[in-house]
Each structure stands twice: as C-alpha cells, then as structure tokens.
Amino acid sequence: MKDFLTIKDKIFRHEFVVEKSRFISFACQVSTVGQANFFIESISKQHYDATHNCYAYLTDDGQKFSDDGEPQGTAGMPILNAIKGKNLHNVAVVVTRYFGGIKLGAGGLVRAYGKAASNVLEEAEKVQFLQCDEFKLKCDYTYVSSVEATAFSYGKIIEREYYADVTYNVVVPVAKSDEFAKKISDVTQGRVYAQKIATKVVQF
C-alpha cells in the first residue's frame with residue numbers, strides 16, 4: 001500500500017487537430033489491468049472506424065502501452081510518459097487518431113500523442129489516495145460533538161451507528177493516526193478509546 005495521486009472516477013475527453021488529423025484523448029481511473037483493458041476495448045469499439053487507437057496504462061498490476069499501427073515508439077510511449085510526468089497512478093489513456101491525409105513524421109507523432117495525453121490529464125479532476133489507519137470508536141452521546149469534530153479534523157468518518165451509544169469507523173492518514181488516538185482520549189477525558197482495526201488506502 002502507498003499514497004498516490006490519480007484522476008476522478010469518470011471518463012475525461014479532450015480533442016484537438018494537427019495537420020487535419022483529429023486526436024481525441026480519453027482518460028479513466030483504473031485499479032487493475034482488467035479494468036484498463038475493458039476501458040481500452042470500449043473506446044476502441046466506439047471508434048472502430050479510427051485510423052489508430054493508441055493507449056497506455058499504469059496500475060499496481062503493471063504498465064503497458066500500444067502504438068496500434070503507428071511507427072514504433074511514437075504513440076504508446078509518449079502517452080505513458082505523460083501519465084508518469086504528471087505523477088499519476090491507476091490511470092489509463094486512449095488516444096484515438098483520425099488521419100487527415102498529412103503525415104506528421106516520427107517527431108510530429110511523438111509530440112501529438114504526448115500532447116493529447118497531457119491535455120486530457122491536465123483537465124481531469126485529481127483525487128488523492130492516502131494510506132490510512134481505520135479506527136473504531138464507541139462513545140455516549142455526551143461526546144458526539146467532540147469526537148466528530150476531532151475525526152473531521154484528522155480524517156473522515158466512514159460509518160456511524162446509533163444505538164444506546166454511538167459507534168464510529170474513522171479513517172486517518174497513517175502519519176496522523178497516533179496523534180488522532182491521543183486527541184480522542186484527551187477531548188473525552190479518557191472515556192473514549194480509538195481502536196485501530198485495519199490499514200487501507202482511502203480516497204481523500
């Protein structure tokens with residue numbers, strides 16, 4: 001597990017024209033190779049009539065890129081470099097090209113595919129995933145305001161249950177977890193204990 005920056009879980013699109021060739025780029029958050037392949041296949045099917053559907057992805061499972069018929073090294077690698085250049089992870093990008101009749105040359109293709117990928121990633125909304133400790137807390141209603149204020153100042157509440165007492169599941173970035181546990185004890189005069197139950201990567 002590690003902290004990483006990615007894009008929001010939706011499909012982002014950008015388009016521009018170079019020497020009459022249309023370059024349409026699509027970016028999506030993916031967490032596995034299977035998800036990346038599904039996204040790539042879906043874009044390729046939608047644009048079955050395109051001259052090329054080039055792509056790259058970078059996930060925990062690995063990375064891959066394809067020139068899809070363009071000269072070797074002129075499409076897939078520039079797309080992958082754009083992903084890495086923006087320090088993104090768990091991202092797939094497809095750049096669809098409709099040839100406009102004018103050859104761009106190797107250098108022109110590298111610039112065009114790199115720009116297409118960079119532009120769509122620049123416009124995509126970013127989200128941060130942080131390695132967090134998950135805590136379970138139980139308190140009576142007297143301390144609800146103090147517990148919730150502390151939870152929101154250090155992390156976020158992912159679950160609440162209201163019974164005779166209130167039970168919370170709270171996730172806090174690992175770097176702040178010890179401080180959070182101490183703070184919970186302080187604001188409740190030692191009556192609430194933050195029990196660490198798991199460590200996971202959570203979107204913030």
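Entry note, segment 129-203: relative contact order of 48 percent, from Cα contacts under 8 Å with a spacing of 6+ residues.
Find, among the GluC sites (Glu not before Pro) in segment 123-202, those assigned to loop by DSSP (not H, G, I, E, B) with at most 14 other beta-carbon atoms within 10 angstrom.
Glu125
Dividing the summed -39500 (n - 2.57) terms of all DSSP H runs of n ≥ 4 by the residue count of the chain sets its mean residue ellipticity at 222 nm at -10500 deg cm²/dmol. Note on segment 4-124: antiparallel DSSP beta bridges, both residues inside, total approximately 95 percent of the bridges counted. Tell me the GluC sites (Glu not before Pro) within segment 1-96 that lie in a loop according to DSSP and have at most 11 other beta-carbon atoms within 10 Å. In loop regions of segment 1-96 (DSSP not H, G, I, E or B), there are no sparsely surrounded GluC sites (Glu not before Pro). Only Cα pairs under 8 Å and 6+ residues apart enter the sum, and on that basis the relative contact order of the chain stands at 23 percent.
For a label point 7 angstrom out from the Cα of Phe204 toward its Cβ, which stretches of segment 1-38 have the backbone nitrogen within less than 15 Å? It comes to 2-6, nothing else. Listed by chain and number, the aspartates and glutamates whose C-alpha is less than 17 Å from the C-alpha of Lys115, apart from same-chain residues fewer than 8 away, are Glu15, Glu19, Asp67, Glu70, Glu123. The trypsin sites (Lys or Arg not before Pro) of segment 165-204 that meet both conditions, a loop assignment by DSSP and at most 15 other Cβ atoms within 10 Å of the site Cβ, are Arg191.
For a straight C-alpha distance cut-off of 19 angstrom, the aspartates and glutamates reachable from Lys183 (same-chain residues fewer than eight places away being disregarded) are Asp133, Glu134, Asp140, Glu148.
When the Gaussian network model of the chain links Cα atoms closer than 10 Å, the mean-square fluctuations of Val171, Val187, Val17 top out at Val187.
Read-outs throughout are calculated quantities, based only on the coordinates presented, and are distinct from any laboratory measurement. The structure displayed is predicted, hence computed values, not measured ones. Every residue, glycine among them, receives a Cβ derived from its backbone with ideal geometry; neighbour counts consider all protein chains shown.
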